[in-house]
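Visitor: Structure provided below as structure tokens; questions to follow.
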């Protein structure tokens with residue numbers, strides 16, 4: 001079964017403790033944690049100071065997505081409280097030091113690379129052996145305009161899997177992030193996605209119950 005990673009950026013941070021307990025009660029697999037600044041995209045997401053607080057509050061692994069220029073500096077700043085269950089993934093478009101970023105993260109946790117929709121899979125050619133996760137954005141990193149091209153992302157999932165297999169990395173997870181609807185979730189699972197980052201189009205839809213939404217998507221993914 002595909003793993004679920006609700007985006008913490010979609011919740012009311014005044015009640016983050018209650019939300020995380022809700023994650024635990026519903027058997028959520030990862031907490032997706034976005035870090036961004038206006039050097040890479042137009043939005044600022046979650047405060048990195050929340051990471052050590054989460055690590056003392058819950059055993060759920062963190063799936064951290066860094067959207068900044070020079071993410072190698074951010075990796076150093078946040079990795080201290082992390083452990084081997086957590087993942088740090090960096091936007092490849094923000095750095096000329098991708099391998100350095102991955103190795104810094106691997107000192108304490110798992111590491112990943114994030115690709116905007118138009119960024120070619122070949123970008124990962126010479127770091128494929130290092131990766132524990134590849135995140136494919138349906139659009140671009142950040143809270144900008146949302147795209148919906150599940151057929152493109154499905155093709156890209158297959159291309160990533162082929163590249164990873166070429167270098168003997170069959171343990172690497174493939175995640176899809178950005179505008180993942182209930183319908184798209186089924187499409188991505190069928191095409192080989194391992195993790196889905198979920199937000200306001202599914203688990204956090206307005207005027208719906210989180211637990212009901214988790215059950216709905218799990219039932220759909222069983223079909």
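Visitor: Can we say residue 48 is in contact with a strand residue (DSSP E or B) (Cβ under 9 Å, 6 or more places away or on another chain), closer than 26 Å to residue 103 by Cα, modelled with pLDDT under 95 and surrounded by fewer than 21 Cβ atoms within 10 Å (Cβ to Cβ)?
Guide: So residue 48 passes the test.
Visitor: Something else: Give me a count of the residues in region 187-211 that are surrounded by 17 or more Cβ atoms within 10 Å (Cβ to Cβ) and over 22 Å from residue 12 (Cα atoms).
Guide: Total meeting the criteria: 7.
Visitor: If you don't mind, another one. Could you check how many residues of region 20-39 are touching a residue at least 60 places away in the same chain (Cβ under 8 Å) and either over 27 Å from residue 188 (Cα atoms) or surrounded by 16 or more Cβ atoms within 10 Å (Cβ to Cβ) (or both)?
Guide: So the count comes out to 7.
The rows are residues; the columns are (1) under 23 Å from residue 5 (Cα atoms); (2) surrounded by 15 or more Cβ atoms within 10 Å (Cβ to Cβ); (3) out of contact with any strand residue (DSSP E or B) (no Cβ under 9 Å at 6 or more places or on another chain).
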residue	(1), (2), (3)
131	yes, yes, no
134	yes, yes, no
137	yes, yes, no
142	yes, yes, no
148	yes, yes, yes
152	yes, no, yes
158	yes, no, yes
165	no, no, yes
169	yes, yes, yes
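Visitor: Just to check your reading of the model, which residue among 27, 17 is modelled with pLDDT of 95 or more, within 22 Å of residue 175 (Cβ to Cβ) and touching a helix residue (DSSP H, G or I) at 6+ places or on another chain (Cβ under 9 Å)?
Guide: Sole residue among the options that is modelled with pLDDT of 95 or more, within 22 Å of residue 175 (Cβ to Cβ) and touching a helix residue (DSSP H, G or I) at 6+ places or on another chain (Cβ under 9 Å): 27.
Visitor: Turning to a different aspect of this structure: Could you give every pair whose Cβ atoms fall below 6 Å, whose first residue belongs to region 169-181 and is touching a residue at least 24 places away in the same chain (Cβ under 8 Å) and on the phi < 0 side of the Ramachandran plot, and whose second residue is in a loop (DSSP other than H, G, I, E, B) and buried (at least 21 other Cβ atoms within 10 Å of the Cβ), counting only separations of at least 6 or pairs across chains?
Guide: 172/131; 174/193; 176/193
The values are calculated or read from the model by the stated rules, or taken from the named source; none is laboratory data. A quick note: this is a predicted structure, and the numbers were derived from the prediction, not measured. Note: ideal-geometry Cβ built from the backbone for every residue, glycine included; neighbour counts use all protein chains shown.
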